[in-house]
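Here's the structure we're looking at; comments come further down.
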Amino acid sequence: VGGWIAVIAASMVILFFSTRFMVWSGVLLAGLR
Amino acid sequence: LIRAPLSTTSVLDESAAVVRATVSPWAALLLATSIPYRFMQIVFADRLIELGSKATQYGDVLRTTADITCAAFLLSLVGRAIYARACRLASESGAAPGREALRVPLTAFAGYVFVASIAEAATYLLFVTGLGIAFGAVLSGLAIGTIELNTEPGIRGPLRRLAHFGGSSRIVASLALVFFCAFIVALLNVATLISGIFALASTVGGWDAARWHVLLSIHNRRYVLTIIAGALLVIEPFWIAANVLLVRKAGAAQTGDDLRVWFEELQRS
């Protein structure tokens, strides 16, 4: 059970941050144009 | 079905045969699940280009688009997991796999979602450096290649396997280089195909295809983004098959399975 909780929680946290990185990188690149 | 020792050429050669065996319906399923993700990436990039330096004032719109892209990404992972399993079954039997390809173990999928998320986050985090796409592509390739080795839920196992198979760095790097070239070729092919279709359509009476030239020109950013997404969709089945075979062949070389198969073939002949 511990393994399941760890893998689901870690995936959700990383996916959350990946959407934020997507926005931050995009805005940075758009600003540089 | 270990036909040749581990090398870039053997991996590419066998992956072409595997894609041929899995093209219907599994490659079609992969495309169907990947299209929403690529479409949302186009929408996101298009909005960014449209907003330009004012993008900082439209955080909510961009965040919502990124969230929908993330949901589409999860759907694309389902398609990739099924396709990777179909590739493994096809490489084992040499024939087109049946419904068994759909039975992806939940532990394998959970481990794959975890490492694919890391690859996705690394891509966007390093995007501004220019290395993000290459690094993310290699990482996501190894993630899909090692999917079926995740037999227990957890976060250490998938990472350990990623590091282990990433050790074949020479072949991994050369595969990435070959697929970069394949992407350029696919880009030209997709653009030519679309132009060809409309050139043919313009010969049909009553079909006014002339105005489409404005839309289908490289000055239209949406057209350029669509062509890029189309090229990525075209090479995706080959990329997944190559990584599945790379991991399979590297694993066979380490356990000595390739030698066992070769010895059995010798005995039979």
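The values are calculated or read from the model by the stated rules, or taken from the named source; none is laboratory data. Since we're looking at a predicted model, the values are computed, not measured. With ideal geometry, Cβ positions are generated from the backbone for all residues, glycine too; neighbour counts draw on all protein chains shown.
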Considering only residues of segment B:141-164 that are under 17 Å from B:Ala242 (Cβ atoms) and β-branched (Val, Ile, Thr), which is nearest to the chain's Cα centre (by Cα)? B:Ile144
Tell me, which residue of segment B:152-166 that is within 11 Å of chain A (Cβ to nearest Cβ) and part of a loop (DSSP other than H, G, I, E, B) is surrounded by the most Cβ atoms within 10 Å (Cβ to Cβ)? B:Pro153
So, in segment A:18-33, of the ones that are loosely packed, with under 15 Cβ neighbours inside 10 Å and at the interface with chain B (Cβ under 7 Å from one of its Cβ atoms), which residue ends up modelled with the lowest pLDDT? A:Arg33
From the set of residues in segment B:59-68 that are at the interface with another protein chain (Cβ under 7 Å from one of its Cβ atoms) and either touching a strand residue (DSSP E or B) at 6+ places or on another chain (Cβ under 8 Å) or not small (Gly, Ala, Ser) (or both), which is farthest from A:Gly31 (Cα to Cα)? B:Asp67
If B:Ala32 meets every condition in (1) more than 10 Å from chain A (Cβ to nearest Cβ); (2) aliphatic (A, V, I, L, M); (3) more than 16 Å from the chain's Cα centre (by Cα) apart from one, which number is that one? (3)
